[in-house]
1. Just to be sure I understand the filter: pairs with C-beta atoms under 9 Å, separated by 6 or more residues or on different chains, first member in region 42-53 and of a type in the set (A, V, I, L, M), second member assigned to a loop (DSSP other than H, G, I, E, B). Which pairs pass?
2. Within region 42-67, track down each residue that is under 13 Å from GLY15 (Cβ atoms) and of a type in the set (Phe, Trp, Tyr).
3. Give just the number: which of (1) part of a strand (DSSP E or B); (2) open to solvent by 60 Å² or more (accessible area, probe 1.4 Å) does GLU57 not satisfy?
4. One residue is enough: does region 62-80 have a residue meeting the conditions closer than 12 Å to VAL106 by Cα and either of a type outside the set (Phe, Trp, Tyr) or modelled with pLDDT of 95 or more (or both)?
5. Kindly provide the set of residues from region 75-120 that are among the basic types (Lys, Arg) and closer than 13 Å to THR52 by Cβ, ordered by number.
6. Applying the selection to region 68-118, what residues are open to solvent by 70 Å² or more (accessible area, probe 1.4 Å) and outside any strand (DSSP E or B)?
7. Output the residues belonging to region 44-54 that are of a type in the set (A, V, I, L, M, F, W, C) and either in a loop (DSSP other than H, G, I, E, B) or surrounded by fewer than 16 Cβ atoms within 10 Å (Cβ to Cβ) (or both).
8. Restricting to region 10-43, and then to whatever is modelled with pLDDT of 95 or more and surrounded by fewer than 14 Cβ atoms within 10 Å (Cβ to Cβ), can you tell me which residue is farthest from VAL114 (Cα to Cα)?
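The values are calculated or read from the model by the stated rules, or taken from the named source; none is laboratory data. Fair warning: this is a prediction, and the values are worked out from it, not measured in the lab. So basically every Cβ, Gly included, is an ideal-geometry build from the backbone, and we count neighbours across all protein chains shown. For accessibility, only protein heavy atoms count, side chains too; no ligands or nucleic acids. Shrake-Rupley method; radii C 1.70, N 1.55, O 1.52, S 1.80 Å.
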Amino acid sequence: MPVLIEQPTVIPAVGTRPKVIEEYVGRVNTGAGAVSIARMKSPAGWEEPGQTPEFDEYTVVLSGMLRVASRDGIFDVRAGQAVMARSGEWVRYSSPEPEGAEYLAVCLPAFSPVTVHRDE
């Protein structure tokens, strides 16, 4: 039987300015370890530390622009576009434009603070 997820759990975020993370599916809200699905809202000027996660991350930008830095370069992902970051690849996300960014992130397996491996 399908299960209604009535609301997300707001997860504390890291970065230079407050970002809102609303986890709909994942370790915290549903106990799912295989996948996590979260909506993110990052303000203008937000930047998080770089990371080398042990999960694949698929991100769909709903509004604004998300900047993605990797060891191979930097590119901007705009509303209606998506980015795929593979497990074991170093990546850093930011939202430098005035409107910030809103996006959906899907992680396989689910996001975990233990497996994200943020830069120190």
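1. ALA44/ARG17; ALA44/PRO96; ALA44/GLU97; ALA44/PRO98; ALA44/GLU99; ALA44/GLY100
2. Within region 42-67, TRP46 is the sole residue that qualifies.
3. It fails just one condition, (2).
4. Scanning region 62-80 turns up no residue that is closer than 12 Å to VAL106 by Cα and either of a type outside the set (Phe, Trp, Tyr) or modelled with pLDDT of 95 or more (or both).
5. Across region 75-120, the qualifying residues are ARG86, ARG92, ARG118.
6. If the condition is that a residue be open to solvent by 70 Å² or more (accessible area, probe 1.4 Å) and outside any strand (DSSP E or B), then ARG71, ASP72, GLY80, GLN81, ARG86, GLU89, PRO98, GLU99, PRO113, VAL114, HIS117 are the ones that fit.
7. Correct list: ALA44 only.
8. Checking each candidate, the answer is VAL10.
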